[in-house]
1. How many of the residues making up segment 31-70 are touching a helix residue (DSSP H, G or I) at 6+ places or on another chain (Cβ under 8 Å), polar (S, T, N, Q) and within 20 Å of A184 (Cα to Cα)?
2. For segment 108-137, what are the residues that are out of contact with any Phe, Trp or Tyr (no Cβ under 9 Å at 6 or more places or on another chain) and part of a strand (DSSP E or B)?
3. Might you check whether a residue that is in contact with a strand residue (DSSP E or B) (Cβ under 9 Å, 6 or more places away or on another chain) and either buried (at least 16 other Cβ atoms within 10 Å of the Cβ) or of a type in the set (K, R) (or both) occurs anywhere in segment 61-72?
4. I want to confirm something. Restricting to segment 81-103 and keeping residues that are closer than 21 Å to G39 by Cβ and of a type outside the set (A, V, I, L, M), which single residue is surrounded by the most Cβ atoms within 10 Å (Cβ to Cβ)?
5. Report every pair of residues separated by at least 6 positions or lying on different chains whose Cβ atoms are under 7 Å apart, first residue within segment 119-130 and at pLDDT 95 or above, second buried (at least 20 other Cβ atoms within 10 Å of the Cβ) and of a type in the set (S, T, Y).
6. Among the listed residues I181, I114, I166, I173, identify the single one that is hydrophobic (A, V, I, L, M, F, W, C), buried (at least 19 other Cβ atoms within 10 Å of the Cβ), farther than 29 Å from Q70 by Cα and under 15 Å from the mean Cα position of the chain (by Cα).
7. Regarding I123, is this residue in contact with a His (Cβ under 7 Å, 6 or more places away or on another chain) and either hydroxyl-bearing (S, T, Y) or crowded, with 24+ Cβ neighbours inside 10 Å (or both)?
Amino acid sequence: MKTFISDLEQHQAVIRQLADYSDVIEAAGELLIKTLKQGGKLLLCGNGGSAADCQHIAAEFVVRYEKKRQALAAIALTTDSSILTAHANDFDFETVFSRQVEAIANEKDCLIAISTSGNSKNILKAVHAAKLKGMTVVALTGCEGGNLGRQATVSVIVPSAVTARIQEAHILIGHWWCGVIEEALSAGNYS
């Protein structure tokens, strides 16, 4: 029988394993800091719960995480219902994020691509569009990383095949990135 304690223990086991991935998590954080320092912006895309994570993390960057500081340039590509529905209606859903990357991104920007499986077609197409623009790509994924894990500049692959556990780890990692970026950039360290 499924109990809260069983899920909690599973969650804790996955979170503890993230210590083995601290180098890649920190490398991704450094890449995000570099992006913002050079005047780039962070674009985030994901589906379902990962779409909600995109909005959550983008809000922490733009508004604030723990400190009052200048706004940081971040856009969740999951939030404009008119773009999402018009594109899905007029074209297809597989290119709903890549089209936005084509429209608003440049080579200074970084795409944060979130997919628990690493195989979401619309995420992979967004990564392809980002790479064509010369952007860097940070992947947040799980399982074995899928195609996304192989295509990103830096891939954080959560060691789990359970979607809920992967997403819980993603938001912890996203929060850590918010904190380290806020610390680096609010201290007047733009240069």
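1. The qualifying residues number 1.
2. Passing the criteria: C110, I114, S115, T136, V137.
3. Taking every residue of segment 61-72 in turn, at least one turns out to be in contact with a strand residue (DSSP E or B) (Cβ under 9 Å, 6 or more places away or on another chain) and either buried (at least 16 other Cβ atoms within 10 Å of the Cβ) or of a type in the set (K, R) (or both).
4. Q100
5. Within 7 Å, the pairs are I123/S115; K125/S98; A126/S98; H128/S98; A129/S98.
6. I166
7. no
Yes/no per residue for (1) part of a helix (DSSP H, G or I); (2) at pLDDT below 95; (3) within 14 Å of I75 (Cα to Cα); (4) not hydroxyl-bearing (S, T, Y):
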| residue | (1), (2), (3), (4) |
| --- | --- |
| Y21 | yes, no, no, no |
| L31 | yes, no, no, yes |
| G40 | no, no, yes, yes |
| L43 | no, no, yes, yes |
| H56 | yes, no, yes, yes |
| A59 | yes, no, yes, yes |
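The values are calculated or read from the model by the stated rules, or taken from the named source; none is laboratory data. All figures in this text were calculated on a predicted structure; none of them were measured in a lab. Reconstructed Cβ throughout: ideal geometry from the backbone, glycine too, with neighbour counts over all protein chains shown.
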